[in-house]
Amino acid sequence: MNFLKKITKLYFPYQSDAFTQKLSNILTKKKYSEKEIIVKLKEIPSKFYILKKGIIRSYIVGSQGKEHIKILYTKNNIFAPMTALIKKKPSLYSFDCLTDCEILEGNYSDLLALTNSDLEFSILYSKILEEMYIRTGNKIHDLSILNATERFIKLKKEKPTIENQIKQYHIASYLNITPTQLSRIKRIKKEYYSK
């Protein structure tokens with residue numbers, strides 16, 4: 001319950017105890033192992049998730065078999081294949097665990113029912129959608145404006161321990177570069193800071 005209150009307060013600080021209890025009632029605790037799939041490509045999803053521990057990616061596989069990571073989710077993130085949930089269509093992205101994960105999951109239909117009948121849930125839902133929109137917009141901006149080194153530096157500022165938690169080729173995929181480019185960037189940065 002304390003974890004839920006902490007997470008939801010990130011989205012809006014003023015909420016009742018009844019709100020946290022209602023949210024808790026529609027959630028189930030789950031543990032997933034590294035590499036375990038949460039949402040399959042082309043699956044019609046029905047759930048939303050709150051990541052308590054671990055790292056999850058959403059990604060697609062290109063025509064040549066290359067993986068392209070859209071978003072890396074770390075602890076305290078709320079996530080879901082929102083476009084697929086809203087449209088009730090197959091997901092265009094897969095979601096899987098890059099580390100062992102602890103997750104709270106709930107049925108999207110239960111969340112919508114609460115959103116339609118409870119102002120606090122309406123606020124939470126709109127704040128979650130805003131955050132997802134901003135996150136996607138930031139990723140598009142970064143890929144459009146920042147060079148590979150700048151994207152790496154930004155990732156390190158946002159997620160300082162990421163290099164110790166996931167494989168380097170996943171970081172390269174998220175940055176939309178090759179693992180060789182990532183190694184070169186890290187080597188140049190190391191040489192620069194060691195002078």
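The values are calculated or read from the model by the stated rules, or taken from the named source; none is laboratory data. Worth saying up front: this structure is predicted, and the values here are computed from it rather than measured. When we count neighbours, we look across all protein chains shown, and the Cβ atoms used for this are built from the backbone with ideal geometry, even at glycine. Side chains included, ligands, DNA and RNA excluded: accessible areas come from the protein's heavy atoms. Shrake-Rupley method; radii C 1.70, N 1.55, O 1.52, S 1.80 Å.
Annotations
- The set of residues from region 162-187 being assigned to a helix (DSSP H, G or I) and either aromatic (F, W, Y) or at positive phi (or both) comprises Y169, Y174.
- Subset of region 1-10 (residues that are open to solvent by 70 Å² or more (accessible area, probe 1.4 Å) and either part of a loop (DSSP other than H, G, I, E, B) or without any contact (Cβ under 8 Å) to a residue 24 or more places away in the chain (or both)): M1, N2, K9
- Applying a threshold of 7 Å to beta carbon distances and a minimum spacing of six or more residues, or different chains, the list of pairs starting in region 165-187 at a residue that is farther than 16 Å from K35 by Cα and in contact (Cβ under 8 Å) with a residue 40 or more places away in the chain and ending at one that is polar (S, T, N, Q) and part of a loop (DSSP other than H, G, I, E, B) is empty.
- K35 vs. criteria in contact with an Asp or Glu (Cβ under 8 Å, 6 or more places away or on another chain), open to solvent by 30 Å² or more (accessible area, probe 1.4 Å) and either of a type outside the set (V, I, T) or at positive phi (or both): yes
- Candidate set: region 11-25, residues that are surrounded by 13 or more Cβ atoms within 10 Å (Cβ to Cβ) and at pLDDT below 85; chosen: the one farthest from E131 (Cα to Cα): Q15
- Looking across region 92-133, the residues that are closer than 24 Å to E67 by Cβ and either touching a Leu at 6+ places or on another chain (Cβ under 6 Å) or hydrophobic (A, V, I, L, M, F, W, C) (or both) come down to L92, S94, F95, C97, L98, C101, I103, M132.
- Residues satisfying the stated conditions in region 53-65, i.e. assigned to a loop (DSSP other than H, G, I, E, B) and either of a type in the set (S, T, N, Q) or without any contact (Cβ under 8 Å) to a residue 60 or more places away in the chain (or both): G54, G62, S63, Q64, G65
- Among the residues making up region 53-93, those that are within 26 Å of L10 (Cα to Cα) and polar (S, T, N, Q) are S58, T74, N76, N77, T83.
- Test: T136 is out of contact with any Leu (no Cβ under 8 Å at 6 or more places or on another chain), under 30 Å from F12 (Cβ atoms) and not acidic (D, E): yes
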